[in-house]
Each structure stands twice: as structure tokens, then as C-alpha cells.
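Rule-based calculations on the coordinates, nothing more; no lab input. If you're wondering where the values come from, they're calculated on a predicted model, not measured in any experiment. Every residue, glycine as well, gets a Cβ built from its backbone with ideal geometry; the counts of neighbours run over all protein chains shown.
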Ligand SMILES: C[S@@+](CC[C@H](N)C(=O)[O-])C[C@H]1O[C@@H](n2cnc3c(N)ncnc32)[C@H](O)[C@@H]1O
């Protein structure tokens, strides 16, 4: 059985996972405030760490992902779902602290965002998969396919088109590199 951690699990914890949340009125098995300390688990404890609609809420996104990286094993998976910065929902929830793009996690990639290994962090992730969901009308017109299947088009879309052809959520699957 894979060992799965669902951080910020809310009321609907991922099946088979250990749930962590700051709020006791959730399905959490372990209460922990990521803004106040580390996850109460040893290094390399999990095959998969999931954070669905969590990263936009925490005070320090870099430190939080470093914690995911620490508790996941080398070669394990970190799965993150978060709103695209052009989704109105990204701005509607007053507890959202940041608005992210498809490149916000490039700071964790080998070489780093600026070609420097430790611009913000030493934790390293490899992008296994990224699915960007668009509003329904743009999906039906085929833009979602283009955004997900041509990296150059995704960049062009975010630079020039995305406040008209708006995004919804991004689903990142990362491989943990240690
Ligand atoms: C938008 S909800 C998402 C819940 C669930 N993952 C889902 O997709 O239905 C965000 C969750 O993250 C939790 N959360 C927010 N800040 C947190 C923190 N600093 N430490 C731990 N959990 C936090 C909240 O209590 C809430 O349950």
C-alpha cells in the first residue's frame, strides 16, 4: 500500500491517506498548522504528498513545499492543485494569500527559475505532469488541449491571452528529487 499524506485535507480526505489539517472540524487524523511549524513526520515517510487547494492559503509556500519534499521519499510524488491566477475564484476567497501561474514552481526545478540552483530553495522537484483546466467554453473550443500540449503555447497564453481565455485550476504532479 502506498503511504499517502493529504495536507489540508478538509472534510474529504483522499482515500487511504493520512489527513492533516489545522481545523479540527475536518477529516484530519493529525492537527498541524503549517504556518506555525513542521509536519510531525520523519523524513522520507511518504510515497505521495497531496495538497489540494492548500498552497494558496499558507503563509510561506516555499517552506511548505520544502516540508512536503522532506517527508516524501526520493522518487515519490507531490500532487498539488491550486487555482490559476486568472480564475475569479483565486481572488474571491479572502483567505487566499497568493495567485499562481503554471511557472510558479519552476523555482524548484533543476537549474532553478533563474538558472541558479538555490535562488529560493535547495529542494528539487521534477515536473511529471501539469494539467491546466480552462473555463468550459474555452475547453470546448479546444484551447485547453493547446495549453496542455504545447509548452510554447502555454507561455504565449499566459503572457497575452489568459485574462480573456481564463484558466480555472492547475494540477501539478512532481517527482521528488533528493
Ligand atoms: C480550500 S480547503 C481544501 C480542502 C480539501 N483539500 C479539498 O480540496 O476539499 C483548504 C484547507 O486547508 C486547510 N489549511 C489552511 N491553512 C492551513 C495551515 N496553515 N495548516 C494546515 N492546514 C491549513 C484549511 O483548514 C482547509 O481545510
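Entry note, the chain: relative contact order of 20 percent, from Cα contacts under 8 Å with a spacing of 6+ residues.
Computed from the alpha carbon atoms alone, the convex hull of the range 1-59 holds 81 Å³ per residue. For the range 79-116 and the range 1-78, what is the separation of their Cα centres, given in Å? Each part reduced to its Cα centre gives a spacing of 18 Å.
Among 88, 62, 4, a tally of other beta-carbon atoms within 10 Å of each Cβ gives an order, fewest to most, of 88, 62, 4. Residue separation of residue 12 and residue 153 scaled by 0.36 nm, minus their Cα-Cα distance, works out to 47.3 nm of gained length. With viscosity 1.306 mPa s and temperature 10 °C, the Kirkwood radius over alpha carbon pairs of the range 61-109 converts through Stokes-Einstein to a diffusion coefficient of 128 µm²/s.
How would you classify the range 30-76 from its alpha-carbon gyration tensor, with a ≥ b ≥ c the square roots of the eigenvalues: rounded for a/c under 1.5, else prolate if a/b is greater than b/c, otherwise oblate?
prolate
Taking only alpha carbon atoms, the range 14-106 gives an Rg to Rh ratio of 0.95, where Rh is the Kirkwood radius. Averaging 1/r over each pair of different alpha-carbon atoms in the range 38-178 and inverting the result gives 15.7 Å, the Kirkwood hydrodynamic radius. By other beta-carbon atoms within 10 Å, ranking 86, 173 with the fewest at the front produces 173, 86.
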